[in-house]
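**Student:** This structure is in structure tokens; I'll ask about it shortly.
The values are calculated or read from the model by the stated rules, or taken from the named source; none is laboratory data. As the structure is a computational prediction, the values presented were derived from the model and not from experiment. All Cβ positions, glycine included, derive from the backbone under ideal geometry; neighbour counts span all protein chains shown.
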Amino acid sequence: MKPPHSRLRGGLVLAAFLFATFAAPALSAFFPGPGDWYAELVKPAWNPPGWVFGPVWTLLYTLMAVAAWLVWRRAGWTKPHGFYLAQLVLNAAWTPVFFGAREIGWALVVIVALWAAILSTLLSFHKVSRVSGWLLAPYLAWVSFASVLNFTLWRLNPA
């Protein structure tokens, strides 16, 4: 059994991972949201309704933070956390590029880089903690879907 101070420290580190993970998308609040521009885009029939995104991302960000925390618990602050930070930066960058700059093509570049960063993070986490790797699988699946959607929007709405 770990001493109480270790549990307290572990809880604080988990809180820090949750804060950092949710802070990345919170930065997008400083940029315009979907608004009229997005409403006017031609979208595929399989485009999810807007209300889906909040619950999905809340679950995904929670799973991401827990995965990073589990790796920290097993190995401390390691190289896989560098991949984690890189994917958080790319995650935070997509919204201002897509909605702020209204650059669907450049947003596609960002999301493809994000997908690669998530895969790198997942594989590096999996080497330390299999559970952590699996916790990132839904995130990779969702960003795979979002990448196809981004590509489709780019094709349906040429500049």
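**Student:** Answer with yes or no whether Ala93 is over 19 Å from Tyr38 (Cβ atoms) and part of a helix (DSSP H, G or I). Spell out how you get there, then give the answer.
**Tutor:** Details: over 19 Å from Tyr38 (Cβ atoms): no; part of a helix (DSSP H, G or I): yes.
So Ala93 does not fit the description; no.
**Student:** Determine the pairs where a residue that is modelled with pLDDT under 90, located within region 20-48, has a partner that is part of a loop (DSSP other than H, G, I, E, B) with Cβ atoms under 7 Å apart, the partner being 6 or more residues away or on another chain.
**Tutor:** Pairs that qualify, where the first residue is modelled with pLDDT under 90 and the partner is part of a loop (DSSP other than H, G, I, E, B), are Trp37/Arg102.
**Student:** Find all pairs meeting these conditions: Cβ atoms under 9 angstrom apart; at least six residues apart or on different chains; first residue within region 127-153 and under 14 Å from Tyr61 (Cα atoms); second residue not in a helix (DSSP H, G or I).
**Tutor:** Hits for this filter: Leu135/Ser129.
**Student:** Give region 96-126 a look and list any residue that's in contact (Cβ under 8 Å) with a residue 40 or more places away in the chain and assigned to a helix (DSSP H, G or I), or say none.
**Tutor:** From region 96-126, those in contact (Cβ under 8 Å) with a residue 40 or more places away in the chain are 96, 98-100, 102, 104-105, 107-108, 121, 124-125; that's our starting set.
Hits for region 96-126 are Pro96, Phe98, Phe99, Gly100, Ile104, Gly105, Ala107, Leu108, Thr121, Ser124, Phe125.
**Student:** Does at least one position in region 20-32 carry a residue that is out of contact with any Pro (no Cβ under 7 Å at 6 or more places or on another chain), hydroxyl-bearing (Ser, Thr, Tyr), more than 18 Å from Val97 (Cα to Cα) and part of a helix (DSSP H, G or I)? Break it down into steps so the answer makes sense when it comes.
**Tutor:** Pass one, region 20-32, residues out of contact with any Pro (no Cβ under 7 Å at 6 or more places or on another chain): 20-27, 29-30, 32.
Among the residues that remain, those that are also hydroxyl-bearing (Ser, Thr, Tyr) are: 21.
Filter once more, so that each one left must be more than 18 Å from Val97 (Cα to Cα): 21.
If we keep only those that are part of a helix (DSSP H, G or I) too, we end up with 21.
Yes, region 20-32 has at least one match.
**Student:** For region 36-64, give me each residue that is among the charged types (D, E, K, R) and in a helix (DSSP H, G or I). Let's see the steps before the verdict.
**Tutor:** Residues of region 36-64 among the charged types (D, E, K, R): 36, 40, 43.
Correct list: Asp36, Glu40.
**Student:** A follow-up question, please. Any residue in region 36-45 that is under 17 Å from Leu140 (Cα atoms) and either surrounded by fewer than 12 Cβ atoms within 10 Å (Cβ to Cβ) or aromatic (Phe, Trp, Tyr) (or both)? I'd like the intermediate steps shown before the answer.
**Tutor:** As a first pass, look at region 36-45 and keep what is under 17 Å from Leu140 (Cα atoms): none.
For region 36-45, residues under 17 Å from Leu140 (Cα atoms) and either surrounded by fewer than 12 Cβ atoms within 10 Å (Cβ to Cβ) or aromatic (Phe, Trp, Tyr) (or both): absent.
**Student:** Now for a separate question. When the residues of region 60-86 are narrowed to those that are more than 15 Å from Gly133 (Cβ to Cβ) and not aliphatic (A, V, I, L, M), which ends up surrounded by the fewest Cβ atoms within 10 Å (Cβ to Cβ)?
**Tutor:** The qualifying residue surrounded by the fewest Cβ atoms within 10 Å (Cβ to Cβ) is Gly76.
**Student:** Same structure, new question: Working carefully through the options Trp106, Trp154, Trp142, Trp134, find the one that is surrounded by fewer than 15 Cβ atoms within 10 Å (Cβ to Cβ) and in contact with a helix residue (DSSP H, G or I) (Cβ under 8 Å, 6 or more places away or on another chain).
**Tutor:** Working: Trp106 fails: surrounded by fewer than 15 Cβ atoms within 10 Å (Cβ to Cβ); Trp154 fails: surrounded by fewer than 15 Cβ atoms within 10 Å (Cβ to Cβ); Trp142 fails: surrounded by fewer than 15 Cβ atoms within 10 Å (Cβ to Cβ).
Only one candidate qualifies: Trp134.
**Student:** Kindly list, by first and then second residue, each pair from a residue in region 60-73 that is without any contact (Cβ under 8 Å) to a residue 40 or more places away in the chain to a residue that is of a type outside the set (Lys, Arg), limited to pairs with Cβ atoms under 8 Å and residues at least 6 apart or on different chains.
**Tutor:** Between residues of region 60-73 that are without any contact (Cβ under 8 Å) to a residue 40 or more places away in the chain and residues that are of a type outside the set (Lys, Arg), there is no close pair.
**Student:** Specify the residue that is nearest to Val42 (Cα to Cα); the eligible residues are those in region 109-127 that are in contact with a Pro (Cβ under 8 Å, 6 or more places away or on another chain) and crowded, with 21+ Cβ neighbours inside 10 Å.
**Tutor:** Initial filter on region 109-127 (in contact with a Pro (Cβ under 8 Å, 6 or more places away or on another chain)): 121, 124-125, 127.
From the residues that got through so far, the ones that are crowded, with 21+ Cβ neighbours inside 10 Å too are 121, 125.
Values: Thr121: 33, Phe125: 38 Å.
Checking each candidate, the answer is Thr121.
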